[in-house]
Each structure stands twice: as C-alpha cells, then as structure tokens.
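Asks: Input: one structure, supplied below.
The values are calculated or read from the model by the stated rules, or taken from the named source; none is laboratory data. On a predicted model such as this, the values are computed, not experimentally measured, just so you know. Cβ placement follows ideal geometry from the backbone for every residue including glycine, while neighbour counts extend to all protein chains displayed. To get the accessible areas, we keep the full protein, side chains included, count just its heavy atoms, and leave off ligands, DNA and RNA. Shrake-Rupley method; radii C 1.70, N 1.55, O 1.52, S 1.80 Å.
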Amino acid sequence: MENHVVIIGSGPAGLTAALYAGRSKLNPLLVRGELPGGLLATTDSVENFPGFPEEVGGVELALRMEEQAARFGARFLETMITRVDLSRQPFRLTTSEGEQIAAQTLIIAIGASPRKLGIPGEEEFTNRGVHYCANCDGIAFEGKRLVAIGGGNSALDEGLFLTRYVSELVLVHRRNELRADPILQERALANPKMRFLFNTTVRSIEGDEVVTGVRLMDLHSGQEEFLPTDGVFIYIGHEPNTALFRGQLDLDPAGYIRADISTRTSVPGVFAAGDVADPRYRQAITAAGDGCRAAMEAARFLADLPAKALV
Ligand code: NAP
C-alpha cells in the first residue's frame with residue numbers, strides 16, 4: 001500500500017510532523033526507529049519546552065506528543081528502515097524485516113547520535129563504564145566516581161543529573177571556557193560534587209573488566225596523569241544519522257541534510273526536520289517547529305500532485 005506521508009523518527013520533529021499530517025487527514029505512518037522518543041527520551045527533565053513551567057520528563061513529553069498525534073490518526077510502526085530508494089515516486093523504504101513501504105512524501109526526522117571521542121578504550125569499554133546517556137545508565141554509578149567529557153549543554157545538564165548518584169563527578173573540558181548556557185554553568189559550578197579540569201583532554205580509557213581510570217593530558221604543560229574513576233560519560237556533540245541517504249540527498253560537509261527554511265531537501269517530496277538537518281539549534285522546540293513545517297509542506301506537495309497519483 002502506498003502511504004501519503006511516511007515519517008521516520010519519533011523525536012519531537014517526527015511526532016509533531018505526525019500530529020500535523022494527521023490533522024490534515026493524511027493518515028501518516030511514523031516509523032519509530034531505534035530510540036522511541038528520540039534523544040528527548042534520554043533527557044531526564046525538560047525545562048525549556050513552553051507550556052511546562054514545572055518542567056516535564058523527556059519520556060513523558062514524548063509520550064504526550066505521541067498520544068496527541070495518535071488522536072488525529074497517526075499510525076506507528078516499530079521497526080528500523082535499512083534502505084531507501086528516493087530515485088523515483090513513490091519512494092521505497094525497506095524495513096529491517098525486509099518489508100517494503102511506499103511513500104508519496106517522506107519526512108526524515110531521525111536525529112543525530114552522540115559523537116564518539118575515538119580514543120583507546122572507548123569502544124572496548126562501551127557499556128562497561130563508557131556511556132553517553134546519564135538518564136539511561138547513571139543509576140549504575142550510585143556512590144561511585146565518574147568523569148564527564150565536554151563543555152556544552154549536554155555535558156553540564158547530564159553531569160548535573162549524574163551528581164544525584166555519584167560521590168564525585170570530574171568534568172574534563174579541552175578549553176578553559178564552557179560552552180554551555182550560563183544558567184547551567186552557574187548550577188554546575190555551584191554543585192559541591194562537581195570538579196572541573198580545564199585545558200585537559202582524555203588520552204585513553206583504561207580498565208580490566210570495567211573502567212578503572214582515564215589517562216589525562218594537560219594541554220598547556222603536556223603533562224599526563226592517571227585519574228582513577230569508575231566510569232566515563234562522553235558529551236562532545238552529535239553526528240547526524242544520515243548514512244542511509246548518502247548519495248541520494250544533498251548533505252553538508254558534516255553530513256547534515258541540506259534543507260531550506262521550508263524543510264525541503266534536494267529531492268522534491270522529501271522533507272527533513274529536527275537534528276538531522278540542524279547543526280545549530282538542536283532544541284526540542286525547534287525540532288517540533290520543523291516537524292510542523294515539514295508536514296504542512298508535505299500536504300502542499302500532495303495537493304499539487306495530479307489527482308490520479310493519489311491513492
Ligand atoms: P555542543 O554544544 O556541540 O558541545 C560539545 C562540547 O564537546 C563542546 O564543549 C566541545 O568543546 C566539546 N568537544 C567537541 N569535540 C571534542 C573532542 N574531540 N574532544 C574534547 N571535547 C570535544 O554539543 P552538546 O552539548 O551535545 O549540545 C548540542 C546541542 O543540544 C546544543 O545546541 C545544546 O544547546 C542542545 N542541548 C540543550 C540542552 C538544554 O537546553 N538543556 C541540553 C542538552 C543539549 P569546545 O567548547 O571547545 O568546542
């Protein structure tokens with residue numbers, strides 16, 4: 001069966017696109033993907049989504065968005081898309097079970113994934129002391145010592161969350177200035193469990209069965225030292241999940257989908273919303289705004305197709 005609108009990705013961009021496409025009576029199909037709720041679901045509390053003055057849990061916000069989209073007819077499919085063919089209409093998508101999905105319009109909202117540091121020990125100890133999500137894995141470190149790497153909002157936000165569990169959190173940042181929002185900097189610098197090592201990088205992660213420490217380098221003196229720790233949480237930015245589209249859509253040099261202000265990509269009928277096309281803002285609210293625009297553009301695109309092309 002051909003779908004008017006297929007959305008891939010279930011973060012705020014995909015769920016808002018599903019809501020708007022549903023309200024346009026387009027019966028959208030949303031493919032949930034690997035991480036239902038997207039990165040939003042890995043966020044403990046969201047303080048900057050308008051309408052929630054008391055803050056709201058990331059999972060709760062994603063579930064509410066999903067409920068709202070379902071109310072207007074959005075359909076949800078639990079699978080991964082492993083292949084896409086955007087060379088002709090309708091577009092063809094292949095699921096991990098080998099099923100084919102046909103789409104007259106496609107909204108890509110598959111976000112971005114945490115960037116890897118690429119240092120010795122990172123891969124070896126992933127999930128054995130190397131982690132990328134405090135909300136998912138922090139609870140295992142009750143009373144332990146941790147290192148967090150990065151100086152942006154994610155490092156500080158998630159670092160602050162980790163201080164609920166740990167005895168000490170050492171934040172290692174490569175510069176002497178944090179990039180995070182001032183309000184997060186204030187909270188982190190005032191937190192008695194957080195210690196900061198500036199102008200420092202982690203050269204390697206060491207351990208046996210699990211992580212036992214990190215090798216640090218002071219970028220001014222070049223001096224190295226071993227810091228014992230029970231785990232390392234890495235927050236050095238994100239990489240867009242665009243491998244599926246390489247060679248089929250225009251991407252920028254960092255791999256983000258090139259989309260215009262109306263979310264239109266280089267292929268007519270294909271729209272990109274949220275972090276997959278946004279290296280700059282990357283907020284739940286901007287992703288939701290993109291999802292809205294993408295669904296409205298998809299509706300316009302469908303309205304302009306010859307009537308017989310619509311099923
Ligand atoms: P980010 O803002 O790009 O920060 C990445 C941090 O990692 C920077 O401090 C950067 O250092 C450092 N870094 C990058 N590559 C590195 C490397 N190879 N080695 C060591 N350090 C490295 O990424 P983010 O913190 O994930 O945030 C991404 C977006 O999500 C932002 O727009 C942010 O506002 C948003 N976000 C918002 C919230 C919130 O509002 N509460 C929470 C989380 C994320 P430099 O500073 O030296 O470049």
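Asks: Does the stretch 294-303 contain at least one residue that is crowded, with 17+ Cβ neighbours inside 10 Å, within 25 Å of residue 116 (Cβ to Cβ) and out of contact with any Phe, Trp or Tyr (no Cβ under 9 Å at 6 or more places or on another chain)?
Replies: no
Asks: I need a count of the residues in the stretch 172-197 that are within 17 Å of residue 146 (Cα to Cα) and either in contact with a His (Cβ under 8 Å, 6 or more places away or on another chain) or more than 7 Å from the ligand (Cβ to nearest atom) (or both).
Replies: 10
Asks: Output the qualifying pairs, or none if there are none: Cβ atoms under 6 angstrom, residues six or more apart or on different chains, first residue in the stretch 196-211 and assigned by TED's automatic domain parsing to the domain that holds residue 149, second residue open to solvent by 40 Å² or more (accessible area, probe 1.4 Å) and not in a strand (DSSP E or B).
Replies: Sorted first by the residue in the stretch 196-211, then by its partner, the pairs are 198/176; 199/176; 199/219; 199/220; 201/174; 204/120; 210/128.
Asks: Would you pick out the residues in the stretch 148-166 that are within 7 Å of the ligand (Cβ to nearest atom) and either open to solvent by less than 30 Å² (accessible area, probe 1.4 Å) or of a type in the set (Asp, Glu) (or both)?
Replies: 149, 150, 151, 152, 155, 157
Asks: Check off (1) over 20 Å from residue 42 (Cα atoms); (2) among the basic types (Lys, Arg); (3) within 16 Å of the ligand (Cβ to nearest atom) for residue 144 and give me the number that stays unchecked.
Replies: Answer for residue 144: the failing condition is (3).
Residue by residue, here is whether (1) among the hydrophobic types (A, V, I, L, M, F, W, C); (2) under 18 Å from residue 162 (Cα atoms); (3) touching a helix residue (DSSP H, G or I) at 6+ places or on another chain (Cβ under 9 Å) holds:
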residue	(1), (2), (3)
197	yes, yes, no
200	no, no, no
209	no, no, no
215	no, no, no
221	no, no, no
225	no, no, no
228	no, yes, no
232	yes, yes, no
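Asks: Another one. Looking at the stretch 14-36, can you tell me whether even one residue there is assigned by TED's automatic domain parsing to the domain that holds residue 263, open to solvent by less than 50 Å² (accessible area, probe 1.4 Å) and aromatic (Phe, Trp, Tyr)?
Replies: No.
Asks: Restricting the search to the stretch 57-90, which residues are part of a strand (DSSP E or B), open to solvent by less than 50 Å² (accessible area, probe 1.4 Å) and at pLDDT 95 or above?
Replies: 81, 84, 85
Asks: Please enumerate the residues belonging to the stretch 1-15 that are touching an Asp or Glu at 6+ places or on another chain (Cβ under 8 Å) and in a helix (DSSP H, G or I).
Replies: 13, 15
Asks: Continuing with the same structure: Between a residue in the stretch 165-192 that is closer than 16 Å to residue 235 by Cα and without any contact (Cβ under 8 Å) to a residue 60 or more places away in the chain and any residue that is more than 8 Å from the ligand (Cβ to nearest atom) and open to solvent by 50 Å² or more (accessible area, probe 1.4 Å), which pairs come within a Cβ distance under 6 Å, given they are 6 or more apart or on different chains?
Replies: Matching pairs, first to second residue: 169/193; 170/195; 173/198.
Asks: Then there's this: Quick one: is residue 96 open to solvent by 10 Å² or more (accessible area, probe 1.4 Å) and touching a residue at least 24 places away in the same chain (Cβ under 8 Å)?
Replies: When the stated conditions are applied, residue 96 does not pass them.
Conditions (1) open to solvent by 50 Å² or more (accessible area, probe 1.4 Å); (2) of a type outside the set (S, T, N, Q), marked per residue:
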position	(1), (2)
191	no, no
196	no, yes
201	no, no
205	no, yes
251	no, yes
256	no, yes
268	yes, yes
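Asks: For the stretch 179-187, state whether one or more residues are part of a loop (DSSP other than H, G, I, E, B), open to solvent by 20 Å² or more (accessible area, probe 1.4 Å) and not β-branched (Val, Ile, Thr).
Replies: Looking through the stretch 179-187, at least one residue is part of a loop (DSSP other than H, G, I, E, B), open to solvent by 20 Å² or more (accessible area, probe 1.4 Å) and not β-branched (Val, Ile, Thr).
Asks: Something else about it: Condition first: in a loop (DSSP other than H, G, I, E, B) and surrounded by 18 or more Cβ atoms within 10 Å (Cβ to Cβ). Now tell me which residues in the stretch 167-178 satisfy that.
Replies: Answer for the stretch 167-178, where residues must be in a loop (DSSP other than H, G, I, E, B) and surrounded by 18 or more Cβ atoms within 10 Å (Cβ to Cβ): 173, 178.
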